[in-house]
1. Scan the range 25-43 for residues that are in contact (Cβ under 8 Å) with a residue 40 or more places away in the chain and farther than 27 Å from residue 64 by Cβ and jot them down.
2. With the requirement that a residue be more than 17 Å from residue 91 (Cβ to Cβ), part of a helix (DSSP H, G or I) and at pLDDT below 95, what does the range 23-55 give you?
3. May I ask you to verify whether residue 6 is modelled with pLDDT under 95, outside any helix (DSSP H, G or I) and crowded, with 16+ Cβ neighbours inside 10 Å?
4. Which members of the range 59-88 meet the condition of being of a type in the set (A, V, I, L, M), in contact (Cβ under 8 Å) with a residue 12 or more places away in the chain and over 11 Å from residue 12 (Cα atoms)?
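The values are calculated or read from the model by the stated rules, or taken from the named source; none is laboratory data. Here the structure is a predicted model, which means the values were calculated and not measured. Note: ideal-geometry Cβ built from the backbone for every residue, glycine included; neighbour counts use all protein chains shown.
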Amino acid sequence: MRFGTGGWAIDGALAEIIKTLLVVQQSDPTLSFLGTVWANVKAQMDSIVALDTKADGVLTCDQFNTYDTAMSGSNTFIGSYYVAGLRSCAVMAGWMGDDGERASEQTQPYLN
């Protein structure tokens, strides 16, 4: 982060998860690329899900982002990225045969 004391930009982290899904959909029919990055995608999403302390699909913690200032509380900017990231991760988990645990625990409560 250029300003502040926060760690990493959550919108950028979620965007990378979403972009990974798009890359795989567009150019990885054999899932070879996804196989090489899947462990990192899972770890990234697990780190973000851990910020959802109420497990209600809404991030209310300080959310350091690429706007160089932290947002706090529920908001549609980070909230939209969060839901899209959860869904993207669930789709990729299904492709990787990891859908039982990840898709149900991380996404189902928020996407129904």
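1. Matches in the range 25-43: 31, 34, 35.
2. Those that are more than 17 Å from residue 91 (Cβ to Cβ), part of a helix (DSSP H, G or I) and at pLDDT below 95: 43, 47.
3. No, not satisfied.
4. Once the filter is applied, which keeps residues that are of a type in the set (A, V, I, L, M), in contact (Cβ under 8 Å) with a residue 12 or more places away in the chain and over 11 Å from residue 12 (Cα atoms), the range 59-88 yields 59, 70, 83, 84, 86.
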